[in-house]
Amino acid sequence: MEPLERLELVIKKYAEKNITIAVAESCTGGYVSHMITNISGASNIFERGIVSYGNQAKVDLLNVDEMILEKNGAVSKEVALQMGEGVRAISKPCTIGIGITGIAGPTGGTPEKPVGLVYISFSTSQKTAVKKYVFKTNRLDFKKKVLEEVLQMLEEYVS
């Protein structure tokens with residue numbers, strides 16, 4: 001099934017259950033939010049999307065701790081966790097916060113943090129989980145793969 005078809009089903013299920021989401025994106029530059037809002041009815045479940053590309057935006061908009069950024073870097077499990085929790089906290093009422101931070105490439109990678117590395121957090125009032133992926137592909141396909149993983153998380157939440 002195509003991503004837009006999957007999103008349409010997620011939006012329908014979430015609307016039926018009054019589940020809302022907010023997304024904080026760094027390396028995907030708003031792609032996930034863009035794809036969600038391509039679906040009619042998204043406004044019933046989509047509270048907001050924030051593109052926090054720079055570190056200061058993460059601090060100012062999402063309340064990411066500057067010390068965590070300095071210690072772990074923007075592309076880290078810890079920052080992804082704070083992004084997901086932060087976007088959910090500022091988007092009241094909101095059921096789910098998603099945080100995405102990574103290195104889309106083709107430049108910017110290191111041996112410890114290679115191009116294609118991404119952390120995606122999924123935050124609810126009960127818990128926040130972070131998953132790590134490495135997608136060895138071009139920049140646009142990287143964003144598409146991140147969307148697929150976010151979709152998987154959203155689908156699992158209502159299954």
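Read-outs: derived from the displayed coordinates by stated rules, not from any lab. Keep in mind that what you see is a predicted model, and the values were worked out from it rather than measured. Methodologically, a virtual Cβ is constructed for each residue, glycine included, from the backbone with ideal geometry; neighbour enumeration extends over all protein chains shown.
Within the straight-line cut-off of under 14 Å between alpha carbons, the aspartates and glutamates reachable from K12 are E155, sequence neighbours fewer than 8 places apart in one chain being disregarded.
Derived scalar couplings between HN and Hα for segment 64-76 equal 5, 5, 4, 5, 5, 4, 5, 6, 9, x, 5, 9, 7 Hz in order, rounded to whole Hz, by the Karplus curve 6.51 cos²θ - 1.76 cosθ + 1.60 (θ = phi - 60°), x for Gly and Pro. Under Stokes-Einstein, with the Kirkwood radius over Cα pairs as Rh, the value for the chain at 20 °C and 1.002 mPa s is 139 µm²/s. Shown is the FRET efficiency for N72 and L4, computed with R0 = 41 Å from the Cβ-Cβ distance and rounded to the nearest 0.05: 0.75.
Within the straight-line cut-off of under 13 Å between alpha carbons, the aspartates and glutamates reachable from K92 are E47, sequence neighbours fewer than 8 places apart in one chain being disregarded. Checking the Cα-Cα distances for K13/K132; K17/K145; K71/K113; K13/K143 against a 19 Å cut-off, the pairs over it are K13/K132; K17/K145; K13/K143. The string of couplings for segment 43-49 from the Karplus curve (6.51, -1.76, 1.60, θ = phi - 60°) is 5, 6, 10, 9, 6, 6, x Hz, one whole number per residue in order, with x for Gly and Pro. In order along segment 101-108, phi translates into HN-Hα couplings of 9, x, 10, 6, x, x, 10, x Hz, rounded to whole numbers, per the Karplus curve 6.51 cos²θ - 1.76 cosθ + 1.60 with θ = phi - 60° and x for Gly and Pro.
Considering only DSSP states other than H, G, I, E and B, which chymotrypsin sites (Phe, Trp or Tyr not before Pro) in segment 44-148 qualify as loop sites with at most 16 other Cβ atoms within 10 Å? Could the numbers behind the result be given before it?
Numbers: sites: F46, Y53, Y119, F122, Y133, F135, F142; in loops: Y53, F135.
Taking segment 44-148 and a limit of 16 other Cβ atoms within 10 Å, the loop chymotrypsin sites (Phe, Trp or Tyr not before Pro) found are Y53.
Working from label points 7 Å from Cα in the Cα-to-Cβ sense, the K12 to S159 distance is 1.8 nm. Amide H contacts of F46: I21, each under 5 Å away and 5 or more positions distant or on a separate chain (H built 1.01 Å from N in the peptide plane; Pro and chain starts excluded).
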